[in-house]
1. What are the distances, in nm and sorted shortest first, from the label point of A:GLN218 to the label points of the same position in each other copy, with each label point placed 7 Å from Cα along the Cα-to-Cβ direction?
2. Taking the Cα centre of the protein assembly as shown as origin, work out the dipole magnitude from +1 charges on Lys and Arg Cβ and -1 charges on Asp and Glu Cβ, in debye rounded to 20.
3. Given only helices, namely DSSP H runs of n ≥ 4 each adding -39500 (n - 2.57), what is the per-residue ellipticity at 222 nm of chain A, to the nearest 500 deg cm²/dmol?
4. Mind checking which of A:THR78, A:ILE25, A:PHE88 is farthest towards the positive end of the stretch A:1-119's charge dipole, using Cβ charges of +1 (Lys, Arg) and -1 (Asp, Glu) about the Cα centre?
5. Mind putting a number on the dipole of the stretch C:85-234 about its Cα centre? Charges go on the C-beta only, +1 for Lys and Arg and -1 for Asp and Glu, and I need it in Debye to the nearest 20.
6. Springs between alpha-carbon atoms under 10 Å, Gaussian network over chain A: tell me which of A:LYS16, A:LYS199, A:LYS219 tops the mean-square fluctuations.
7. Choose one of D:LEU38, C:THR146, A:TYR231: the residue whose Cα lies farthest towards the positive end of the charge dipole of the protein assembly as shown (beta-carbon charges +1 Lys, Arg; -1 Asp, Glu; about the Cα centre).
8. So if we plug the beta-carbon distance of D:ALA179 and C:THR180 into 1/(1 + (r/R0)^6) with R0 = 56 Å, what FRET efficiency do we get, rounded to 0.05?
There are 4 protein chains.
Amino acid sequence: MKTVKELKQEVLEANKQIPELKLAIFTFGNVSAYYPELGLVGIKPSGVSYDKLKADDIVVLDLEGNIKEGTLRPSSDTPTHLHLYRHFPDIGGVVHTHSTHATAWAQAGRSIPVYGTTHADHSPVAIPCAPIMSEDRIMKDYEVETGLQITEYLKAQNINPEYCQMVLIEGHGPFTWGATPSKALYNAAVLEELAQMAKLTESIYGGQKNGLPEYLVQKHFQRKHGPNAYYGQK
Amino acid sequence: MKTVKELKQEVLEANKQIPELKLAIFTFGNVSAYYPELGLVGIKPSGVSYDKLKADDIVVLDLEGNIKEGTLRPSSDTPTHLHLYRHFPDIGGVVHTHSTHATAWAQAGRSIPVYGTTHADHSPVAIPCAPIMSEDRIMKDYEVETGLQITEYLKAQNINPEYCQMVLIEGHGPFTWGATPSKALYNAAVLEELAQMAKLTESIYGGQKNGLPEYLVQKHFQRKHGPNAYYGQK
Amino acid sequence: MKTVKELKQEVLEANKQIPELKLAIFTFGNVSAYYPELGLVGIKPSGVSYDKLKADDIVVLDLEGNIKEGTLRPSSDTPTHLHLYRHFPDIGGVVHTHSTHATAWAQAGRSIPVYGTTHADHSPVAIPCAPIMSEDRIMKDYEVETGLQITEYLKAQNINPEYCQMVLIEGHGPFTWGATPSKALYNAAVLEELAQMAKLTESIYGGQKNGLPEYLVQKHFQRKHGPNAYYGQK
Amino acid sequence: MKTVKELKQEVLEANKQIPELKLAIFTFGNVSAYYPELGLVGIKPSGVSYDKLKADDIVVLDLEGNIKEGTLRPSSDTPTHLHLYRHFPDIGGVVHTHSTHATAWAQAGRSIPVYGTTHADHSPVAIPCAPIMSEDRIMKDYEVETGLQITEYLKAQNINPEYCQMVLIEGHGPFTWGATPSKALYNAAVLEELAQMAKLTESIYGGQKNGLPEYLVQKHFQRKHGPNAYYGQK
């Protein structure tokens, strides 16, 4: 059985990957992990730089946000992370960054179209951009509402969070998730690459264009994630 | 009490951060520090490359520009730094760079709109671009006039230099400041990131767009800098 | 005579060059080598990250795709590689990546025009973009069809694969080849640079423009590859 | 008095700076040095990669192109370098690269306008783009003609090569020069930065714009290079 010590270590290492993968400068991003067998989440403390972070700085909470271990304040985005763990089945990691290109799409208020197989390999739909939150919502519990904005928008758009593990919040930036913190980080880095490629695609094409035909999207997504997937090792 | 030796060491280390943070190539930037208890400013010598800089090369001056220690010429931008120390309350560091994207906004003569929460986390207003200086001003004491151009423009725009610690000079480039040289450097790196994101945002959106609604700007700025801030550690 | 062990080692080292040359993140690219004296191809296993790759992970197959050595699944793109070895005379290496700018041109569905001598030094014609594959083809043996799409398109366009060793597949990304895996990798990195330069060229010019005059293209291509070439060492 | 051994060593080190300054990939650039007291030029051999280059690989020639030391073929661009040494007074280094942004301006066939003080610090005029060469010239001794194209165009434009030490050749790329190879390299890196900034400036502004007013250009150029310069150390 996994331990709280392992949880802290895994969260530590995942957060240190953020600057290595060039997903954020200074403290502009955070990774959390959820160990369902412990019912506990570990997350980066707020405003601490990655290079100074130690395992014992990681804040450990239950899914309702009660701090179980740690003396530092957790990331201010913690309620959003917890909301996603409560609503998305079987996820073990959540990542929030302000990575440059993904944030630019969020700031432009646009979903990222499926322009190529690099995208289709990871999501069969456009990366959704949940609309900017109303003043009402922001005046409430802002970070909880951010989580609600994500889960409600995906539901309204009929997007399965198992198949599309990335989202943009208009005017803010990306959240990604996955079975593990490492998978959520992978998704954050892939999203940044997709965002850059899509921007360049429109620039080279001369404007917005149609996405990939659905048969090609499905071919790529299924060869990697479908029941007869043949990408990767068994 | 802090010493002149510490002043030189802090200025040395801050200047060496400029190329590490990719804020300038060769000698295209400088950091100074002001120790109010000593009434002294330390600044990079002019035209010396960062990798060759030593603590004893740092030039020490009083706020009126009289050299107190050091045998090298101070940065040609020194009068601008001194002007800012004299006019902005409680600042301990000033940074000038020619960082690529911030300089491009300055060259385009445009303020950087508040397009997202990354920006609102650091400034509640657009990063102001003070207009190009008139021939009259440039023929006078150019570097003092540059300082005046900054302080007068911020005053005219009713911008509090405590809340917005960044400015562009049209046709030239950015200046940033802060409580310490390290905070001023942080601001210079954040500005470069905001400048890049804003450029990409317009490119993805297809032109200039409205900024973030004021309620969201205030939410983010206040959660980090307001009286009830909950970002970072107490 | 070369050995299977050498084949594996060469393929291992070539694949490790992919992230060093910044041609792909994670597992988004693969290199193979063909040793005609052995009649064998070595290729990266599917979904294994470059930093964990070992020589014994390399999968060895004959040109018909029968696995001769190795316990891992070969890259899902293997049938495309094998098709190119069967159809292009005298090539010893094939590279597939999703490098950012080359993929963006592929996603935009455009060939890369010959805008400068950097391009003409490496190919006397625009880098062709083979059109997106029909649903029929994709429903068949997709990766074999990708190979056919390349070879048929080059033939239809009358492009000699000895002179232009690069191609884009619309909606997907680039394939390159060469006498050795190292030359194919070189071509992949050159293609990424040409793709970035061409994008910037149109951005600076203000749209698409005419390519280089043919006499200048030929001058550069011939001084490097013609019968009287004088670039490089004898 | 300087020796041939020093010449080779200086040329070796300068060429190794090309990839460090990110001015070229593979073999896409070359540096030469001229020692007037010896009447000799040292230059990179053609097609040899920077990491494999050794001091004894450097080819030593007189100004007429007669090889004095070295067994390898000199850079194919050697006649252009020699032409510049013969025509520009007091220069000791020449650099040719295919750096990404400078080459993109050359491919777009545009001079780089003086959009900011970063530019004015280094050149009081737009970086000239000499027009594409006619078929006649290219059919002659191509690399000598490239040199002529540079010197004739600067003369026609009344540009003093002491004040503007950079040029673009339309459809090809940049050449820079200076008192030493190190200064010529510095100019090559500054040019790449100016090219990137100018491209971003137009993108942010929304098209081409007027350059800096002449009084500001002169202020910056003169404070660094004029008779009363006060930038740098005495």
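Readers should treat all values here as calculations from the given coordinates under stated rules, not as data from a laboratory. Small disclaimer: the values here were computed from a predicted structure and weren't measured. Please note: Cβ atoms are built from the backbone with ideal geometry, for glycine as well, and neighbour counts cover all protein chains shown.
1. Label-point separations across copies, in nm and ascending: 5.1, 5.1, 7.2.
2. Rounded to the nearest 20 debye, it is 360 debye.
3. -13000 deg cm²/dmol
4. A:ILE25
5. 540
6. A:LYS219
7. D:LEU38
8. Once the sixth-power term is evaluated, E becomes 0.85.
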